[in-house]
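Please read the structure below before turning to the comments.
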Amino acid sequence: MSSATFLARAPSNIALIKYMGKKDATANLPENPSLSVTLNGLCSWVEIQRSASEPGRVRWIAELPHAAQGELLVPSLSSEGQQKVIAHVERCISLAPEVFAQHGLSSLPDARSRFCYNVRSANTFPSASGIASSASSFAAFTLASFAACSKDRDAFARAFKTDLAFRRHLARVSRVGSGSSCRSFEGPFVFWEEEHAFAISTRMPELRHFVILVSSEPKAVSSSQAHLQVKTSPLWQGRPERVQKRTDHMKQALEVGDLFSVARLAWSEFWEMHSLFHTAAEPFSYWQAGSIEALHWLSPFVVPKSSSAIVTMDAGPNIHVLVAAEQAEAWRQRLHDRFGVKAILEDRPGSGAVLYE
Ligand code: DP6
């Protein structure tokens, strides 16, 4: 069989309630539920080329996917990072027969041993700097890998588009590769608890998302290490219970479209996560001088007023600002004036991973 190419694109997602601390590190099962906003243009592209040469191999190739669009950056992965990707692609290919059978689809027989899989990926933003590149990239690795070992690519594409149970099954497999990636399959607001991640309906106004890019250097402490270290903080005590309550409040606020309450809860939540980092047995920090300056400048906007913003930070120095779309123009101007045009990335909420046919 000649070679075939599979292209997937998955957006990043930004947690308003954080996944931080694991109950089971092998399966990436979280200590507490989380809630996130799926983005759109801040995303990863993954291309898998399946061919019959050198069967049985999965290779990471540090090149741009051929068919991807836009200005893209190929992540520079350590050998450990490459191994993590390869192991995940292998996991997806091995699980495909079982997963497909549950959704009326078929996989190529002996997909793992009969073919070679060349994997290329690129992001529309700097990786490992707190814009959740592992969420977007692992969601796209998962989708492209399953597509590459399906027997009928049209049937696969149809099922991915229309069968929510199938999409959620892929999200569960994706979670094992990187936890937060399970929230990049749907949107715009996604709730993840235990094994299940799904979009929730809300009355939130249409939002716009800005990133204040304080630094695009890769972070020194990976999220996987952070998940372990937070439990050594004296502030960890009671965190799962506290987050459960905060999650319940956030869900209620999202349901009725109460942007002010969402903003207050998101603000407390990211400060709490970063406090865990700062008070771990071996303290660490993602903050830089620019992060603190920006937070100081943003803090008056977290109280209810006409120009309120939802502010959050991931495991990185950069700051995410979500505002009502009707105020986006004023916010764009304000952020450009304060931080400069080049330091501001802009996006909007989206609906999750896409397969290109
Ligand atoms: C701070 O999903 O990157 O972004 O499961 O070990 O791959 P692994 O961790 P990862 O953790 C993300 C942590 C976070 C918060 C969040 O996205 O909820």
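Before moving on, here are some points about what is shown:
- Whole-Hz Karplus values for segment 279-284 come out as 10, 5, 3, 10, x, 9 Hz, taken residue by residue from phi with 6.51 cos²θ - 1.76 cosθ + 1.60 and θ = phi - 60°; glycine and proline positions read x.
- Rounded to the nearest 10 degrees, the angle from helix 153-162 to the longest Cα principal axis of the chain is 30 degrees.
- Sites residue 203 and residue 268 - FRET efficiency at Förster radius 22 Å, r taken between beta-carbons, to 0.05: 0.50
- Spin-label model distance (nm) - residue 29 vs residue 102, 7 Å beyond Cα toward Cβ: 1.5
- Extension gain from residue 161 to residue 305, taking 0.36 nm per residue of separation minus the Cα-Cα distance: 47.9 nm
- In terms of its C-alpha gyration tensor, segment 181-327 comes out oblate, because a/c is 1.5 or above while a/b does not outweigh b/c.
- Zone of residue 242's modelled label, taken as backbone nitrogen in segment 272-294 under 11 Å from a point 7 Å along Cα→Cβ: 272-277
- Computed from the Cβ-Cβ distance with R0 of 25 Å, the FRET efficiency linking residue 153 to residue 80 stands at 0.20.
- C-alpha long axis of helix 328-339 to longest principal axis of the chain, angle in °: 80
- Amide H to amide H distances under 5 Å link residue 22 with 31, where only residues 5 or more positions off or on other chains count and H is placed in the peptide plane.
- If the chain linking residue 285 and residue 113 were pulled fully straight, counting 0.36 nm for each residue of separation and taking away their Cα-Cα distance, it would gain 57.5 nm.
- In terms of the mean number of neighbouring beta-carbon atoms within 10 Å, the peptides 52-59, 83-90 order highest first as 83-90, 52-59.
- Rough spin-label spacing in nm, given labels placed 7 Å along Cα→Cβ, for residue 338 and residue 3: 4.8
None of the figures in this text is laboratory data; all of them are computed from the coordinates on show. Given the structure is predicted, the values throughout are model-derived calculations rather than measurements. Note: ideal-geometry Cβ built from the backbone for every residue, glycine included; neighbour counts use all protein chains shown.
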